[in-house]
Amino acid sequence: VMLTIMVPSDAQPGSTYSVLVWANESVPPFPQASVWAYVDLQAATTLQTQGLTVPNQTTVQLTATLSSGGPLSGKTVAFKLEGHWIGEATTDTGGVALLQYTLAQPPLTQTLQVYFNGTQYYVASSASASIIINFTNTTLWMDSSTARWGDPTSLTARLEAVPGPGHV
């Protein structure tokens, strides 16, 4: 017996449907059996992330937003930088996963990849964005000193990162 189940367009993942099966192709009024069919529907998901431009040695908050017709909460999102796993975070009620990460790499452009592996009811999805890591702005401080020509003297200098967006 071949059975086709018509699933309504507004069906929710994990829904159960009752199906009547007849022994022949004649029009019922008398079904031969009633069958319960559990239909595993997987809803499509969308995962989004944003690129950044920051100085190296900066601690940033990486974000990924997971949705499926609305925000998905309580789902795990994995973060990779240039293919290397750097952490994972769980989505909040707005579907947003946040990961604090210090960009200790030398200045260059790297690819941030975010992954949702899917569940029984939701299809896996991924996204990527560029992270541009620049040199950290610095200031060289030197104490003023007075000396005579030819006399030994000592100078003190201090190199500091200039605070800016993303610095902690």
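The values are calculated or read from the model by the stated rules, or taken from the named source; none is laboratory data. Owing to the predicted nature of the structure, the values given are computational and were not obtained by experimental measurement. Note that we place each Cβ from the backbone using ideal geometry, even for glycine, and neighbour counts take in every protein chain shown. The protein model used for the area step is the full one, side chains on, heavy atoms only, and it has no ligands, DNA or RNA in it. Shrake-Rupley method; radii C 1.70, N 1.55, O 1.52, S 1.80 Å.
A few comments on the model shown:
- Length released on extending from Gln120 to Met142, taking residue separation times 0.36 nm less the Cα-Cα span: 1.7 nm
- Dipole moment magnitude, nearest 20 debye, segment 53-165 about Cα centre, only Lys, Arg, Asp, Glu C-beta charged: 140 debye
- Size of segment 44-98 as Cα extents on the principal axes (Å, biggest first): 36, 19, 16
- Ranking by accessible area, most exposed first, for Ser154, Ser67 with a 1.4 Å probe: Ser154, Ser67
- Taking all protein chains as they are arranged and a probe of 1.4 Å, the heavy atoms of Trp141 leave approximately 130 Å² accessible to solvent.
- Hydrodynamic analysis of segment 55-135 uses the Kirkwood radius over alpha carbon pairs. Inserted into Stokes-Einstein at 37 °C and 0.692 mPa s, it gives a translational diffusion coefficient of 249 µm²/s.
- Per residue, the solvent-accessible area of segment 86-130 (1.4 Å probe, heavy atoms of protein chains only, all protein chains present) comes to 50 Å².
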